[in-house]
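What follows is a single structure, written as structure tokens, with notes after it.
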Amino acid sequence: MKSDLKIAPDAETISTRDAAEVLKVSIRAVQMWVAQGRLHAWKTPGGHRRIFKSSVDAMCTARFPFVDAGETFDILVVDDQPLHTSLTDFYASMPGAPIKVLSIKNSLESLIRIGEAPPHLLITDVVMPHVDGFQFLATLSKHSWSETIRIIVTTRLSKQEMDDLGGLPSVIECYKKPVVLPQLLKAISKHVETWKMCRSKS
């Protein structure tokens with residue numbers, strides 16, 4: 001249900017772009033939240049949407065309870081397909097933690113990045129240029145810090161093709177391309193919740 005009001009409110013409002021910057025999401029995500037009623041807004045006579053600042057502040061507090069500690073749940077996407085854009089638009093549908101998504105198109109560059117700053121979650125294809133995904137995961141598994149990284153594989157290969165190439169460890173989740181975003185977001189949400197639980201116990 002839309003939350004657009006027909007008259008200008010007395011309360012402070014900000015633009016859709018400003019709301020997106022505060023919440024660290026895309027403008028599209030803010031528009032989606034207004035349409036869902038999660039953010040409250042009104043439209044000017046010229047048709048421009050203005051967002052209640054109090055509504056943005058409330059969502060920011062709910063989504064980013066650990067932001068003062070500078071903690072983020074880091075996701076690295078290794079894929080030459082435009083999966084990153086979709087995740088950036090939709091990752092904010094998982095409230096309760098600030099999430100940072102980084103996309104790299106080849107596995108060689110990603111190995112360097114992971115060595116510098118291991119992510120909490122790695123989402124990777126297994127058919128990529130330069131280094132195939134199976135070799136990439138095998139190389140990754142040789143490092144001690146790899147034990148802390150959760151892995152999701154996305155691929156167009158069939159299960160038989162995957163098995164013929166050596167298969168994947170049972171602990172690695174695998175999703176068939178084209179990936180259904182709600183399904184992938186649900187899987188990511190599970191890892192975020194586990195991360196939050198581990199934080200609360202530390």
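The values are calculated or read from the model by the stated rules, or taken from the named source; none is laboratory data. Everything quoted here is computed from the prediction, not taken from an experiment. So basically every Cβ, Gly included, is an ideal-geometry build from the backbone, and we count neighbours across all protein chains shown. To get the accessible areas, we keep the full protein, side chains included, count just its heavy atoms, and leave off ligands, DNA and RNA. Shrake-Rupley method; radii C 1.70, N 1.55, O 1.52, S 1.80 Å.
Quick check for me: using +1 on Lys/Arg Cβ and -1 on Asp/Glu Cβ, what's the dipole size of the range 130-195 about its Cα centre, in debye to the nearest 20?
220
For the cross-link pairs Lys105/Lys176; Lys105/Lys177; Lys142/Lys177; Lys105/Lys196, which exceed 22 Å when the distance is taken from alpha carbon to alpha carbon?
Pairs exceeding the cut-off: Lys142/Lys177; Lys105/Lys196.
For an R0 of 25 angstrom, estimate the FRET efficiency from the Cβ-Cβ distance between Gln135 and Gln183 and round to the nearest 0.05. It would help to have the intermediate numbers written out before the result.
Numbers: r = 27 Å, r/R0 = 1.07.
Rounded to the nearest 0.05, the efficiency is 0.40.
Could you rank Leu23, Leu185 by how accessible they are, 1.4 Å probe, largest area first?
Leu185, Leu23
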